[in-house]
Amino acid sequence: VRQTDGTVKALTVRQVADLLGHSTTQVTEMYYVKKELEISAAHKLALDYESKCQNLHGHNWRVVIYCRSVVLDKNGMVYDFTHLKEKICGLLDHQYLNDVLKMNPTAENIARWVAEQIGEKCYRVVVQESVGNTAAYEVE
């Protein structure tokens, strides 16, 4: 559910059941999809300490998007994998992230931004900027 301040909040199974007029004992199904993407992009970080990451540099980012839904859409999907890819890669791949995101493009901020672009079905995003350096954003 998109909030009035623009943030996205996922509904719990219990909240969806209440909205649909079902008891939570009747809601026994949840569909999940996971989409993995690779994005080549450059950025530089604005930090309050000295770091080589303040210099322009790039990564082959690995982004994993997790979506869920109690019901499938009219096509029998939680979210079309191609639409997930287009929505994120179309905006970020081969771009300078500082210009696209309008925020300090840390892995944490990128993960939140991706979740917000996908919408209410997205409950988790994992962003790996390099081996051993991973951040995640999760909506409760």
Filter result (in contact (Cβ under 8 Å) with a residue 24 or more places away in the chain and over 12 Å from the mean Cα position of the chain (by Cα)) within segment 72-86
L72, M77, V78, Y79, F81
Matching option when the condition is within 21 Å of N133 (Cβ to Cβ), open to solvent by 80 Å² or more (accessible area, probe 1.4 Å) and over 13 Å from the mean Cα position of the chain (by Cα), among E50, E36
E50
Looking for whichever is closer than 21 Å to Y123 by Cβ, in contact with a strand residue (DSSP E or B) (Cβ under 7 Å, 6 or more places away or on another chain) and at pLDDT below 70 here; the options are V8, V1, V33, V13. Which one fits?
V8
Is segment 25-44 home to any residue that is touching a residue at least 60 places away in the same chain (Cβ under 8 Å), closer than 22 Å to A136 by Cα and in contact with an Asp or Glu (Cβ under 8 Å, 6 or more places away or on another chain)?
no
Within segment 85-106, the residues that are open to solvent by less than 10 Å² (accessible area, probe 1.4 Å) and either in contact with an Asp or Glu (Cβ under 9 Å, 6 or more places away or on another chain) or not in a helix (DSSP H, G or I) (or both) are P105
Quick one: count up the residues across segment 111-122 that are open to solvent by 40 Å² or more (accessible area, probe 1.4 Å), in contact (Cβ under 8 Å) with a residue 40 or more places away in the chain and either assigned to a helix (DSSP H, G or I) or acidic (D, E) (or both).
2
Selected residue [on the phi < 0 side of the Ramachandran plot, of a type in the set (A, V, I, L, M) and not in a loop (DSSP other than H, G, I, E, B)] from V125, V71:
V125
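The values are calculated or read from the model by the stated rules, or taken from the named source; none is laboratory data. In this text the structure is predicted, and so the values were computed from the model without any measurement. Backbone-built Cβ (ideal geometry, glycine too); neighbour counts: all protein chains shown. Please note that ligands, DNA and RNA were not included when accessible areas were found on the heavy atoms of the full protein model with its side chains. Shrake-Rupley method; radii C 1.70, N 1.55, O 1.52, S 1.80 Å.
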